[in-house]
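The structure appears below as structure tokens.
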Amino acid sequence: MYQLRDYQQELIDKIFSAWAEGNRRVMAQLATGGGKTVILAYIARTFLEQGQGVLVVAHRKELILQAKQKLEEICGLECGIIKAGYPAEYHKDVQVASIQSLNRRKFRPNIGLLVYDESHHCSSKTYSDLMERYPDAYILGVTATPCRTDGQGFKWLFDRLVTGISTRELIKLGHLCKFKLFGGKPISTKGLKTSNGDFDQAQLEDRAMALIGDVVPTWEKYSRGKQTIVFAVSVAHSKGIVELFNKAGVISEHVDGSTPDLERAAIIERFRTRQTTVLSNVGIFTEGFDLPAIETVQCVRPTMSLSLWLQMCGRGLRPSPGKEHCIIIDHSDNWRSHGLPDEDREWSLDPVSLRPTKFTQECEECRHIFTPLSHEQTKPISKYLDKEGALWTVHNAICPNCRHSFEYEQGVGGAGGFRVATKGYGDVLEVSLDCTQVGLNTFTQLIAEQEASGKAKGWIYYRALQNPEVRNFTLGDWRFLAEYLGYKQGWAYKAFSEATAVQQSA
Ligand SMILES: [Zn+2]
């Protein structure tokens, strides 16, 4: 039996306390690499020991199979699978299910605990309906990134959020490895449409295709010979990248959602055993894909989703013998818009208002702006034709912030109204996270002066800006200062950007 780490036990205690305090539906956040499945397995066992069954719902085949395998391996829990193509084993006390198969089948396991794996994906009514079908069961959602891009938040689905150890702490403790970041320069390009809370796929592909020529040279420059996972925008994009790598003599393979199981397993095995150096994928390896062998994550897709960005980076952070740090190459500016993978983040169940677009709705009561859930969009409560003959549908939406229910109308076949994003590709340069001697000296000296004089902490920053060397301070220097002063890491990036602006105006 696996020995729990201290922070894992702490999170388990927090979850049980939250339940004990009357919050039936608890969401637990734990950084990727924190050992989510181990925690799950322990909690599941507690329920089993009391004679209560456990149902784990995951949204993708890989995650279902992985959850089963890990629960069996780590805790010796025998799991049945509820998923098309897999034989039913309803007599087993732990069932791992896809929500679609669960909906289709009559069988409802008798359970005391219902778990939603990667619960940031729980975006449809199916999930709340399932909870209601088990009014006496305890509910646990687990995720590394409780955030979403549709302004829905999680208040409508969970009562309480408990958070576990951060990525930064995991790196400090050696449970995750350090990283080096090579980031794209921001180029203001406008016009990328959004759909479903992220960039429009077709437009993104056009942009990404234009960039394809940079991928191999950038890799050669920063990551030559390293086991690399590439995140591409589309199948065509990914295949294009693979072709270029292979032409350059770097053995490379492509995998996407339509790759048959056996072939995919063989491809992953060739990567694991280093017969293949570069493995390019579309949306396959974002979650739950644990390969410590990954030395480089090459991200050739911008995203509006913080979740997706953190999941992609997380693939490279698994420690492995001989791996000093992982290399993260970001061809766009995800690292600027979402921050570095080890930044402290304040997670919350609360929805965050979106910028208004054609696809968003504003709550009449609390002015919260959000995208209605899919069933609200697709099931109109009535329809009518206006005088000009246009068909209008009337929908009902529930505000995820205040639960106010209101009607909104949509003209059929409308276009436009998309929001303009300022993102683009550019040269990829190292963003140094190491400290420089001059940066360290400057800050150490200023800190001493500030402490002796009793001046406010902010004084250090303004004095630092007057240092003629300030333009050479690295993001690492500013992160050092932020940590020393107890500021958030996000502050370091702002200070770093402003210090760079000093250079431009000087
Ligand atoms: Zn509201």
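The values are calculated or read from the model by the stated rules, or taken from the named source; none is laboratory data. Keep in mind it's a predicted model, so treat the numbers as computed, not measured. Positions of Cβ are generated from backbone atoms using ideal geometry, with glycine treated the same way; all protein chains shown enter the neighbour counts. The accessibility values were calculated without ligands, DNA or RNA, using every heavy atom of the protein model including side chains. Shrake-Rupley method; radii C 1.70, N 1.55, O 1.52, S 1.80 Å.
Tabulated data for the structure shown
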| quantity | calculated |
| --- | --- |
| Förster radius 22 Å - calculated FRET efficiency between Phe107 and Glu132 (Cβ-Cβ, nearest 0.05) | 0.80 |
| Extension gain (nm, one decimal) between Trp392 and Lys488, 0.36 nm per residue minus Cα-Cα | 29.8 nm |
| Charge dipole (debye, nearest 20) of segment 6-165; +1 at Cβ of Lys and Arg, -1 at Cβ of Asp and Glu | 640 debye |
| Those residues of segment 51-71 whose amide nitrogen sits under 17 Å from the label point placed on Glu269, 7 Å along Cα→Cβ | none |
| Förster radius 25 Å - calculated FRET efficiency between Lys379 and Ser258 (Cβ-Cβ, nearest 0.05) | 0.30 |
| Long-range amide H partners of Lys180 with built H, under 5 Å | Cys326, Ile327, Ile328 |
| Highest to lowest packing among 456-467, 320-331, scored as the average C-beta count within 10 Å | 320-331, 456-467 |
| Protection-proxy order for peptides 164-173, 29-38, each taking the mean of Cβ atoms within 10 Å per residue, highest first | 29-38, 164-173 |
| Rough spin-label spacing in nm, given labels placed 7 Å along Cα→Cβ, for Glu49 and Leu173 | 2.1 nm |
| The chain: C-alpha gyration tensor shape, a/c 1.5 cut-off, then a/b vs b/c | rounded |
| Computed helical MRE - 222 nm, the chain, DSSP H runs ≥ 4 contributing -39500 (n - 2.57), nearest 500 | -11000 deg cm²/dmol |
| Gap separating the Cα centres of segment 295-352 and segment 15-85, nearest whole Å | 25 Å |
| Options Ala499, Ala390, Gln489, ranked by Cα towards positive dipole end of the chain, top entry (Cβ charges) | Ala390 |
| Distance in nm between pseudo-label sites at Asp290 and Ser320 (7 Å out along the Cβ direction from Cα) | 1.4 nm |
| Ordering of 256-268, 347-359 by burial proxy (mean other Cβ atoms within 10 Å per residue, highest first) | 347-359, 256-268 |
| Karplus 3J(HN,Hα) series, Hz, for segment 394-402 with 6.51 cos²θ - 1.76 cosθ + 1.60 (x for Gly, Pro) | 9, 10, 10, 10, 10, 5, x, 8, 10 |
| Rounded tilt (10° steps) of 201-223 against the dominant C-alpha axis of the chain | 50 degrees |
| Alpha-carbon centroids, segment 278-294 and segment 121-137: separation in whole Å | 29 Å |
| Segment 432-505: relative contact order in percent, alpha carbon pairs under 8 Å with at least 6 residues between | 37 percent |
| Stretch gain in nm, segment Arg24-Ala452, where the contour uses 0.36 nm per residue and the Cα spacing is subtracted | 149.0 nm |
| Cα centre as origin, Lys/Arg/Asp/Glu Cβ charges: the chain dipole, Debye | 380 debye |
| Sulfur and carbon atoms: percent of accessible area, the chain [1.4 Å] | 50 percent |
| Whole-number D in µm²/s for segment 6-165 (Stokes-Einstein; Kirkwood sum over Cα pairs; 4 °C, 1.567 mPa s) | 83 µm²/s |
| Phi-based couplings in Hz for segment 488-501 (Karplus 6.51, -1.76, 1.60; Gly and Pro marked x) | 6, 5, x, 4, 4, 5, 5, 4, 4, 5, 5, 5, 5, 5 |
| Distance between modelled label sites at Lys125 and Glu78, nm, 7 Å Cα→Cβ extension | 3.9 nm |
| ³J(HN,Hα), Karplus 6.51/-1.76/1.60, whole Hz, each residue of segment 378-389, x for Gly, Pro | 8, 10, x, 8, 7, 9, 7, 9, 8, 4, 7, x |
| Cβ-derived FRET efficiency at R0 30 Å, His91 paired with Leu4, nearest 0.05 | 0.55 |
| Amide H within-cut-off set for Thr194, under 5 Å, with H built and near neighbours excluded | Asp200, Arg419 |
| Degrees separating the helix 475-485 axis from the principal Cα axis of the chain, which is the longest one | 80 degrees |
| Over segment 68-123, relative contact order from alpha-carbon pairs under 8 Å, at least 6 apart, % | 23 percent |
| The chain, relative contact order [Cα under 8 Å, separation at least 6], % | 15 percent |
| Per the chain, cysteines lacking a partner by the 4.7 Å Cβ criterion | Cys75, Cys79, Cys122, Cys147, Cys177, Cys299, Cys313, Cys326, Cys435 |
| All lysines inside 26 Å of Lys488 as judged from Cα atoms, apart from same-chain residues fewer than 8 positions distant | Lys14, Lys36, Lys155, Lys172, Lys178, Lys180, Lys185, Lys423, Lys455, Lys457 |
| Bridge type composition, the chain - antiparallel percent by DSSP, nearest 5 | 30 percent |
